[in-house]
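The values are calculated or read from the model by the stated rules, or taken from the named source; none is laboratory data. Predicted model, so just to flag it, every value in this text is computed and none were measured. Every residue, glycine among them, receives a Cβ derived from its backbone with ideal geometry; neighbour counts consider all protein chains shown.
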Amino acid sequence: MSLRPLIALLLVIMSLPLWAAQTLELYDESAILAQNARPSDQNDAVAEALGRVLVRVTGDADIVDTEVGQAMVEDANDYLSTFRFERSDVTLTNLLGEPVATKRMIMRFDRGAVEQSLSRNRLPIWGPKRPETLIWMADRLDGSNRILADSDNSDLAQALKSSARERGVPLTLPLMDLDDSFQVNFTDIYGLFTADITEASERYRPDAVVLARLARENQGYQADFVFMMSDDRQRFRVQAESEEALMQAMVDRIAGRLADQYAVVMDPSMAGQISLRINAVNNLATLAAVERYLDSLNLVTSVTLRQVQPESVQFDLDISGDRNQLRDALALDERLQSVEEDDLQSQLDTELVYEWTER
């Protein structure tokens, strides 16, 4: 048998985008300090860093302005798990205009302590497994038609990516290669026509898609965009005085929409129990992987293995949230595929059924 067809198939598979939901490090932060920074400067850096962590973890851009957020930031060192200093090439300038050598402070905050405080105050917690958002963006800001692509290193693209990292939103720009260019043109994106965009997005397998148009508005900038996720379609408009601020405002809206769906208030009074059956679990290694995954879910407070069968396992899950939120969380992992039951009894049963697929 010739190897050529197999090699060709492998090359095609390797060329396909494999982006999907990502697991983020939400509790890591850094700050640039002068080499001779005072303890008060370091404390301020820790407080600002915790503020950024709280925004990512809750999905609320205004969390630091709340009473709970302010209290946590004031006691920021209580939530700091580890820190260290590294060499920095950044140069600051003092009041006399003289260059000042710097160091980078690398921080990691205590996830358990942060989430305990948020839970105690009944504030939402958005876990580290986050949906991937594909964004198609077009503009004429410099007088010519432009579609932002994955390889774009413009100030606009950098501002978009920086804002997405800051908010903990995994974001992808299209490759705009021959495949994309064949299916999508500038008018499709700038006109916010969703039909062709939906089809062109399938190769990226995103969890959400954003279609955006940027334009100048009076002395500033404006973004009109459509957020698409499953069957949901929402249209937004944001304005700002600079391109950087516009990207931040746009990402804030996207992050807020995603947090509305995935952030969970860990409230014991909302606790419920759901039965979950997972097929294709036929060895101890797979069972252990499934249990680790379920334990990692933010809204799952306990996992009890109820039954083991030759090709499936059944769990009782205690969750702080509802059935739909659990479905949303499970949908973010490509190893789990929902199984539709055909018989009436299965449809009437409250059990959720999935199949585990190793990837």
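The set of residues from the stretch 227-276 being in a helix (DSSP H, G or I) and of a type in the set (D, E, K, R) comprises GLU243, GLU244, ASP252, ARG253, ARG257, ASP260.
Within the stretch 156-171, being under 21 Å from ASP60 (Cβ atoms) and touching a Leu at 6+ places or on another chain (Cβ under 6 Å) holds for ALA164, GLY168. Residues in the stretch 112-130: is at least one in contact with a helix residue (DSSP H, G or I) (Cβ under 8 Å, 6 or more places away or on another chain) and under 17 Å from ILE189 (Cα atoms)? Taking every residue of the stretch 112-130 in turn, none turns out to be in contact with a helix residue (DSSP H, G or I) (Cβ under 8 Å, 6 or more places away or on another chain) and under 17 Å from ILE189 (Cα atoms).
Condition check for ASP232 on (1) among the acidic types (Asp, Glu); (2) touching a residue at least 12 places away in the same chain (Cβ under 8 Å); (3) within 21 Å of LEU173 (Cα to Cα): one failure, at (2). For the stretch 106-131, a residue qualifies if it is crowded, with 17+ Cβ neighbours inside 10 Å and in contact with a Lys or Arg (Cβ under 8 Å, 6 or more places away or on another chain), and exactly one does: TRP126.
Residue pairs whose Cβ atoms lie under 7 Å apart, separated by 6 or more positions or on different chains, with the first residue in the stretch 240-254 and touching a residue at least 24 places away in the same chain (Cβ under 8 Å) and the second surrounded by fewer than 21 Cβ atoms within 10 Å (Cβ to Cβ) and acidic (Asp, Glu), are GLU243/ASP155.
Where strands (runs of 3 or more DSSP E) sit wholly within the stretch 49-159, those with at least 2 residues that are free of Cβ contacts under 8 Å to residues at least 40 places away in the same chain and at negative phi occupy 80-87.
If I ask for residues that are part of a helix (DSSP H, G or I) and modelled with pLDDT of 55 or more, which ones from the stretch 326-353 would you list? Break it down stepwise before answering.
Residues of the stretch 326-353 part of a helix (DSSP H, G or I): 326-331, 344-348.
Answer for the stretch 326-353, where residues must be part of a helix (DSSP H, G or I) and modelled with pLDDT of 55 or more: LEU326, ARG327, ASP328, ALA329, LEU330, ALA331.
Only one residue in ILE197, ILE189 is among the hydrophobic types (A, V, I, L, M, F, W, C) and over 23 Å from GLY143 (Cβ atoms), so which one is that?
Values: ILE189 fails: over 23 Å from GLY143 (Cβ atoms).
Checking each option against the conditions leaves just ILE197.
Checked against (1) buried (at least 17 other Cβ atoms within 10 Å of the Cβ); (2) at pLDDT below 90; (3) of a type in the set (Val, Ile, Thr), THR23 meets all criteria but (1).
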